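Notes for the one structure printed next.
All of the numbers you see were taken from the coordinates with simple rules; none came from a lab. Just so it is clear, the model here is predicted, and its values are computed rather than measured. Cβ: placed from backbone, ideal geometry, glycine included. Neighbour counts: every protein chain shown.
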Amino acid sequence: MSLPPPPPLPPPPPPKLLDRLRHACRVRHYSIRTEDAYAEWAERFIRYHGIRHPSSMAEREVNAFLTHLAVVRNVAASTQNQALCALLFLYGAVLDRPLDQLRVVRANRPKRLPVVLTREEVRAVLGRLEGVNGLIGRALYGTGARLMECLRLRVKDIDFGLNQITIREGKGNKDRVTVLPAAVAPALRDQLAAARALHAADLAAGFGRVHLPSAVAVKYPAAAAEWAWQYVFPASRRSVDPRSGAERRHHYHESAVSRAVTAAVRAAGVKKPATAHTLRHSFATHLIEAGTDIRTVQELLGHESVETTMIYTHVLNRGGRGVTSPLDAM
């Protein structure tokens, strides 16, 4: 007598909302920073409305949350707009209920001039940065790269022969080429030598595989262990990849550079609220001040529109407003 068939297994529980949101981000190849930010805003939105499911809410609740951020929490317009983008993604990509046709209030970002250091101030700040932080600081000012663009540089992106650096997947997921300053080339070669020794030690220990862009990881899985794909500025220790769970050596952490620059600004006696990103602003302003064509500066910075680059002419008081005060003519 044959045994009766086993009862069917119960269906697996549906994935939680935040897990679905993270999956939607990964399908679209969003960065882990964007994924974490969207998940955090979605959770804050849900908690603000008493743990109600977003499917039972819409325009009124979104506007109430955004108003709370602006009026009660007094957040910046950029923060409020980031929250809105996260909720638009949640409703459009996860819940399939786009809010595009709803009258969602967007905050207007105020137009601020960037903080720019003089050449003397740049020299004073860079002179107080040491080691890897010093090399990164000089690279930021010498190339105009954003901090994360610099930290994500791979060995293959440095071209000493052509004196250029290729920025991969910059803002807007675009590649561009910028200048490799001759002043940092020797120190950069030393940094690559140290990184290569670290990579060799990782390989000997059974590690040495770095995170790769999704398409490359699928097509060339062996590239993860190749020297050309390693980070120019590797972290001092290995860590666990939050997505794959693999133990890898990631790039140098941006917080270490930010703290070092802040300390250097304070030690140099600079009274401006300068950060690592200020070195990028100073790069652009000093190039324009030296007569570099605005279109060239636009390409080096990777700006979508030349109007974005034109802000540095306002820092210099040019563009038709470079006048002499009548007081100085007396």
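Show that you can apply the helix-only estimate: for the chain, add -39,500 (n - 2.57) for every DSSP H stretch of four or more residues, divide by all residues, and state [θ] at 222 nm to the nearest 500. All intermediate terms of the calculation are to be shown ahead of the outcome.
Values: 14 runs with 151 residues, N = 330.
Taking each H run of at least 4 residues, the total per residue is -14000 deg cm²/dmol.
Who wins for biggest fluctuation among H251, H314, H277 in a Gaussian network model of the chain, springs between alpha carbons below 10 Å?
Per the Cα network of the chain with a 10 Å cutoff, H314 tops the list.
Label-point separation (nm) for E43 and A222, each offset 7 Å from Cα along Cα-to-Cβ?
4.1 nm
I need the phi-derived Karplus couplings for the range 22-36: 6.51 cos²θ - 1.76 cosθ + 1.60, θ = phi - 60°, integer Hz, Gly and Pro marked x.
5, 5, 5, 5, 6, 4, 8, 6, 6, 5, 5, 5, 5, 4, 5
From the cross-link list K111/K272; K16/K174; K111/K156; K111/K271; K156/K272, which pairs have alpha carbons spaced over 26 Å apart?
Working: K111/K272 18 Å; K16/K174 33 Å; K111/K156 37 Å; K111/K271 22 Å; K156/K272 36 Å.
Those over the limit are K16/K174; K111/K156; K156/K272.
Let me see the pair-distance distribution of the range 119-313: every alpha carbon pair, 10 Å bin width, integer percents in order.
P(r) for the range 119-313, in whole percents per bin: 8, 34, 35, 18, 5, 0.
Would you please put 156-168, 108-120 in order of how densely packed they are, using the mean number of other Cβ atoms within 10 angstrom per residue and starting with the highest?
Numbers: 156-168: 15.2, 108-120: 12.4.
Highest-to-lowest ranking by the protection proxy: 156-168, 108-120.
I need the calculated FRET efficiency for the pair Q164 and R237, taking r as the beta carbon distance and R₀ as 25 Å, to the nearest 0.05. Mind showing how you got there, number by number?
On the way: r = 31 Å, r/R0 = 1.25.
Working from the Cβ atoms, E equals 0.20.
Which value, to two decimals, describes the C-alpha radius of gyration of the range 17-94 once divided by 2.2 N^0.38 Å?
Numbers: Rg = 12.0 Å, N = 78, 2.2 N^0.38 = 11.5 Å.
Here the answer is 1.04, to two decimals.
Report the equivalent ellipsoid semi-axes for the chain in whole Å, largest first, defined as the square roots of five times the eigenvalues of the gyration tensor built from alpha carbon atoms.
On the way: eigenvalues 337, 204, 58 Å².
After diagonalising the Cα gyration tensor, the semi-axes are 41, 32, 17 Å.
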